[in-house]
Number of protein chains: 2
Amino acid sequence: MTSSTESWHRVNYATPRSFGTTLKANLKETFFPDDPFHQFKNEPVSCRFLKWTQYFVPISEWLPKYSFELFKYDLLAGITIASLAIPQGISYAKLANIPPIIGLYSSFVPPLIYAVFGSSKHLAVGTVAACSLLIAATIEEKVSANDNMPLYLSLVFTATLFAGLVQTSLGLLRLGILVDFLSHSTITGFMGGTAIIICLQQLKGMLGLKHFTTHTDVVSVLRAIFQNRKEWKWESAVVGIIFLIFLQFTRFVKNKKPKLFWVSAIAPMVTIIVGCLFAYFSHADKHDIQIVGHLSKGINPSSIHLLNFDPTYISAPIKAGVITAMISLAEGIAIGRSFAIIRNEQIDGNKEMIAIGLMNIFGSFASCYLTTGPFSRTAVNFNAGCKTAMSNVVMSICMMLTLLFLAPLFSYTPLVSLSAIIMSAMLGLIDYDKAYHLFKTDKFDFCICMTAFFGVSLISMDIGLMLSVGLALIRALLYVARPTTCKLGNIPETALYRDVEQYPGAHGNPGILILKLGSPIYFANCNYIRERILRWIRDEHSLSNSKGNEIEYLLLELGGITSIDITGVETLLEIRRCVEAKGIMMILVNPRLGVLEKLMVTKSIDTVGKEYVFLTIEDAIDACKFSLKCSDQ
Amino acid sequence: MTSSTESWHRVNYATPRSFGTTLKANLKETFFPDDPFHQFKNEPVSCRFLKWTQYFVPISEWLPKYSFELFKYDLLAGITIASLAIPQGISYAKLANIPPIIGLYSSFVPPLIYAVFGSSKHLAVGTVAACSLLIAATIEEKVSANDNMPLYLSLVFTATLFAGLVQTSLGLLRLGILVDFLSHSTITGFMGGTAIIICLQQLKGMLGLKHFTTHTDVVSVLRAIFQNRKEWKWESAVVGIIFLIFLQFTRFVKNKKPKLFWVSAIAPMVTIIVGCLFAYFSHADKHDIQIVGHLSKGINPSSIHLLNFDPTYISAPIKAGVITAMISLAEGIAIGRSFAIIRNEQIDGNKEMIAIGLMNIFGSFASCYLTTGPFSRTAVNFNAGCKTAMSNVVMSICMMLTLLFLAPLFSYTPLVSLSAIIMSAMLGLIDYDKAYHLFKTDKFDFCICMTAFFGVSLISMDIGLMLSVGLALIRALLYVARPTTCKLGNIPETALYRDVEQYPGAHGNPGILILKLGSPIYFANCNYIRERILRWIRDEHSLSNSKGNEIEYLLLELGGITSIDITGVETLLEIRRCVEAKGIMMILVNPRLGVLEKLMVTKSIDTVGKEYVFLTIEDAIDACKFSLKCSDQ
């Protein structure tokens, strides 16, 4: 390679893009990364209208193509998830301290709405344990369910409305980005913690306790259980344990033979039916085994008149609504996505938010409380071979028939069998393997997970969640505050320059220090980058001193830096001034588009000198060697 | 270049570093980026002890070498800053609603402490307007200075103690990183907003008002001024305007001829002296011009017994202490650093925090309130030619003499001349040029600046500051949530691959899509990266379709990625699965140390296949072409 400047590659100093152009590009990347409207481009107007309708109301896309062949699959899947929906509906409603019938209502209207607006083919709609408990814990702070059930219930519906509104607006504003900040590690820890506290709470039902605490943390719950030792009922406990063993056994069967998933899917229904029969024939209520009690026939009544915006209480439903909106979105979208990936389809997160939001808004008008796409039910739906959202419609029709004709039969359900169903479901949510995997592979992720787990189980659900999200944010901010810098060296017999720590054989050029800076250069890391570069120079000096040659050039490889702010630009100039005082020239290599534009807009490029900016490390080193040779002569 | 695999460069699959090693490296980068103890390495024990002392008590390093030659410079600088300290001390104490004498006390003890522990040679210690007002605004929320001065004063000392404790602990815990999150843009906006509200507040003194508001926002202050129109005193206003014009004129002189900096440095002292003489001879108090009133002789009394930890009030001093601690650290360290850079010296931010913290802790024991290194005084000190922290000692001695002998003379100082001094100082803090520069070069930085400015001037100082810091954090988080990805192309006649947007001449290879991913791959951007890559493939497909060749290889250039978490690793595998279903092979190029280690620890490297990881794009493309050719045959 020659040292003549003509063979060097040219850095492109095109005029920086206008503010409008970059703003548009940035907004698109931030809010429309998946470019959802790409299919509408270059289409005639009529066609475009059709595509818009298909985009916003997915049912209009798949229903016309729907065939009886597909329906056979969806019918089977729909009946399977309905058999899961009935026991779970009743159980989780008890967890939210609301009448069990609300749980059944909640599996009727929302699935219909989702079938119209939802884009996932596998998501099965239903209530979830964590959100049920969270709603109860938040609203109990203001109103006790035992003291004033009508008011409590109206606040639950209001919380559902708020959750729906939050979800819909997040979707419309394309703020799916917010849900992305709930990481897998947080969700794993949160689910585990929630499972623990919900299991412990079920000891109330298992032991037939009448008095209990409204707190959710482990310490309060254990204290409540042991302080009420006199209320313990052995009959109840025995029945509960038998049910639990049965449910866990079916889960064990499913894990051994995944094809037998339906065994564990219908097990809760079997538990309920056996429980009802047992309670009916043994007059269980006289043997200290509590039952659900009266369930009236009929489909969902309207609940619009129940929505309560009284300023005295409004803070509780708002808080419950916002937190559960985020959690249920995170769960619903994550699950929809993971099954879509298996089938290699794509889910638009923001569109899903709108669908989930609408189903909660309409749900709150029709005596339903918060629903989303729970993991267990969606997995069953998927395994049962569902092909479209029609399986939700089938489930919905099954629920309607149940509500119209069968509801009173479930009034004999013993509470203890509900507790067994919940406990069994929760035991499956504690993901030991995932936690162990995190521990083995990424200690920081493990800490985030454990913060959620212990925060939820020892303090409260919302605080645990926030601590964990906070820790994850700190990790992201730490990344920005401490970008990696490394020294590059030449890998022998090649023209490659790589991290000398990663490729120990790589060696430097005498008199030249090459550093690769990490992205971004922002206000938060400017001091760090300056100090770190000065330290590299110091370290290199103490190395060189023994060898007897001084650093004359500092090459900063900027190829990895995608963003820089004003403080960052000032810092580059400061570094230049600092090293210049030590007799070292600063050279920039391969600045990326955003960085070069910022350097040009601030006119810093003139301070640095365009002749000190190169496109490749080789060119820069060539130039340095050339000039070193000249000064030697 | 041949296609034989032997000529390809090898990726280094060395065993990942142990958790201990990486943890130690990360902790060092996070908390000790400047490696402050490097000088102690390889030293004998006795020498090390000496160096430790010199490190923690810098005076022990420079005092033994101190000479009369240096002292001449420091004496001059010390007297100059003392002449600024007296008027500023009295003025800012009025701003904090505390007796003026406290302002003088605060320029006696803290400079002595700083001279012992501080490492900056140019920093001049003193009180600052913004923190004075912030302390007053926060403590007035609990106790009114007019109603209960002793209690108010005790809370001010307590706030100072808390500020000192916060600062010292931040320094000891090496949490200088927190102060880095106050960006230049935030500080510019905050200073501007504070200057506006302080100027408006001085209209009270200028117009000789007796009734005023304790709120600091522009609207409340303007309302207070115009509602009390009957109290306006024209005599006071005339005197004030004359002083203000004089002070602004000296500032103008300094800006024109920087060598005449001393004119503007002693102008406040001249204003005070002229004001005193004028008030004394014209019996100003009888002409409706208010004076400072009695100032007693004697140096700082102890204030340990005044520290007040009464739980009723404790929240106010804690809040004031924490916020002012951060602001005064940001100001003190930034200023120390900028002058150190001019002289090409280095300042250890964490050590400075300890020094500033100690000076506030001891200050709070000796009737001083919050001090730091204000910009104006430090600039004067620097310009007056100070050589070491001895100039602070000289200032301190001047203040002692003033307190012992001259204090009563200042009791005739008219309040209006204090207002003129404060207004003049504040007008200099509004940095129009900087704001304009931000507007021109970085709109986001400009928004951060304006948020601080309008937040402070229209809402309150603490809320304005927090909003601005929040916005800056959102920018940092947005960076993490939306890392730039770009398509690389081959620059004709070279072996270089660069961003096709930046180098429009660069063209792709048929059948191969090369993407450079931005750093980091974290939970917050996993969905984005997946969707974005699928969109690149879609876009490329619609381009290729017209040309008639399909993508067969997806090359991900990871050279810019320095960090990846577990969710990120899972996402890479998901992407692989997604593109594989489309018949595309995923190839990784140049994974950096941290990324490769994570891939190896999670065993994902085996899923990806080591044969699909290359060290350079060229190697990867060679391999792709080779395999394309084979499949063609």
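The values are calculated or read from the model by the stated rules, or taken from the named source; none is laboratory data. If you're wondering where the values come from, they're calculated on a predicted model, not measured in any experiment. Don't worry about glycine lacking a Cβ; one is built from the backbone with ideal geometry, like all the others, and counts go over all protein chains shown.
Quick notes on this one:
- Some residue of region A:390-405 being within 14 Å of another protein chain (Cβ to nearest Cβ), more than 17 Å from A:SER106 (Cβ to Cβ) and assigned to a helix (DSSP H, G or I): no
- Test: residue in region A:180-191 that is within 26 Å of the chain's Cα centre (by Cα), within 14 Å of another protein chain (Cβ to nearest Cβ), surrounded by 17 or more Cβ atoms within 10 Å (Cβ to Cβ) and of a type in the set (Asp, Glu): yes
- Residue count for region A:316-325 satisfying the condition of being crowded, with 20+ Cβ neighbours inside 10 Å and not small (Gly, Ala, Ser): 3.
- Scope region B:44-86; condition more than 23 Å from B:LEU172 (Cα to Cα), surrounded by 13 or more Cβ atoms within 10 Å (Cβ to Cβ) and free of Cβ contacts under 8 Å to residues at least 12 places away in the same chain; matching residues: B:LEU63
- Criterion violated by A:HIS437 - all others in (1) part of a loop (DSSP other than H, G, I, E, B); (2) without any contact (Cβ under 8 Å) to a residue 12 or more places away in the chain satisfied: (1)
- Number of the condition not met by B:PRO268 [criteria: (1) within 30 Å of B:GLY385 (Cα to Cα); (2) surrounded by 12 or more Cβ atoms within 10 Å (Cβ to Cβ); (3) at pLDDT below 85]: (3)
- Residue in region A:427-459 that is nearest to the other protein chains (Cβ to nearest Cβ), counting only those that are β-branched (Val, Ile, Thr) and within 24 Å of A:HIS215 (Cα to Cα): A:ILE448
- Any chance B:LEU554 is within 22 Å of B:THR616 (Cβ to Cβ), more than 10 Å from chain A (Cβ to nearest Cβ), touching a strand residue (DSSP E or B) at 6+ places or on another chain (Cβ under 6 Å) and surrounded by 22 or more Cβ atoms within 10 Å (Cβ to Cβ): yes
- Test set (1) facing chain A (nearest Cβ under 10 Å); (2) not in a helix (DSSP H, G or I) - B:VAL569 fails condition number: (2)
- Residue in region B:356-377 that is free of Cβ contacts under 8 Å to residues at least 24 places away in the same chain and over 30 Å from B:LEU209 (Cα atoms) present: no
- From the list B:GLU69, B:GLU29, the one residue that fits, being within 14 Å of another protein chain (Cβ to nearest Cβ) and either acidic (Asp, Glu) or touching a Pro at 6+ places or on another chain (Cβ under 8 Å) (or both), is B:GLU29.
- Only one entry in B:PRO520, B:PRO510 is surrounded by 20 or more Cβ atoms within 10 Å (Cβ to Cβ) and of a type outside the set (Lys, Arg), namely B:PRO520.
- Subset of region B:502-528 (residues that are polar (S, T, N, Q) and within 8 Å of chain A (Cβ to nearest Cβ)): B:GLN502, B:SER519, B:ASN525, B:ASN527
- B:LEU165 vs. criteria among the aliphatic types (A, V, I, L, M) and modelled with pLDDT of 90 or more: yes
- Exclusive hit being assigned to a helix (DSSP H, G or I) and touching a strand residue (DSSP E or B) at 6+ places or on another chain (Cβ under 9 Å), set B:VAL253, B:VAL263, B:VAL221, B:VAL239: B:VAL239
- Any hit, region B:440-449, residues being within 30 Å of B:SER282 (Cβ to Cβ) and aromatic (Phe, Trp, Tyr): no
Residues are listed down the side, and each one gets a yes or a no for (1) buried (at least 22 other Cβ atoms within 10 Å of the Cβ); (2) in contact with a Leu (Cβ under 6 Å, 6 or more places away or on another chain); (3) under 17 Å from B:THR213 (Cα atoms):
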{"residue": "B:ILE113", "(1), (2), (3)": "yes, yes, no"}
{"residue": "B:HIS122", "(1), (2), (3)": "yes, no, no"}
{"residue": "B:THR127", "(1), (2), (3)": "yes, no, no"}
{"residue": "B:CYS131", "(1), (2), (3)": "yes, yes, no"}
{"residue": "B:VAL143", "(1), (2), (3)": "no, yes, yes"}
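- Subset of region B:363-388 [surrounded by fewer than 24 Cβ atoms within 10 Å (Cβ to Cβ) and among the charged types (D, E, K, R)]: B:LYS387
- Exactly one residue out of A:SER460, A:SER424 is at pLDDT below 90, small (Gly, Ala, Ser) and in contact with a Lys or Arg (Cβ under 9 Å, 6 or more places away or on another chain): that is A:SER424.
- Cβ-Cβ under 7 Å pairs, at least 6 apart or on other chains, region B:228-257 side buried (at least 19 other Cβ atoms within 10 Å of the Cβ), far side hydroxyl-bearing (Ser, Thr, Tyr): B:GLY240/B:SER419; B:PHE243/B:THR271; B:PHE243/B:SER417; B:LEU244/B:SER424; B:LEU247/B:THR271; B:LEU247/B:SER424; B:THR250/B:SER264; B:LYS254/B:SER264
- Leading residue by the ranking (nearest to A:ALA476 (Cα to Cα)) among those in region A:488-512 that are touching a residue at least 60 places away in the same chain (Cβ under 8 Å) and outside any loop (DSSP other than H, G, I, E, B): A:LEU488
- A single member of A:ILE273, A:ILE361, A:ILE289 is assigned to a loop (DSSP other than H, G, I, E, B) and among the β-branched types (Val, Ile, Thr), and it is A:ILE289.
- Residues satisfying the stated conditions in region A:460-487, i.e. under 20 Å from B:THR562 (Cα atoms), within 11 Å of chain B (Cβ to nearest Cβ) and touching a residue at least 24 places away in the same chain (Cβ under 8 Å): A:ALA472, A:LEU473, A:ARG475, A:LEU477, A:VAL480, A:ALA481, A:ARG482, A:PRO483, A:THR484, A:THR485, A:CYS486
- The set of residues from region A:304-322 being assigned to a helix (DSSP H, G or I), farther than 18 Å from A:ARG174 by Cα and in contact (Cβ under 8 Å) with a residue 24 or more places away in the chain comprises A:ILE304, A:LEU306, A:SER315, A:ALA316, A:PRO317, A:ILE318, A:LYS319, A:ALA320, A:GLY321.
- Qualifying residue in region A:121-142 (condition: of a type in the set (Lys, Arg) and closer than 26 Å to A:MET395 by Cα): yes
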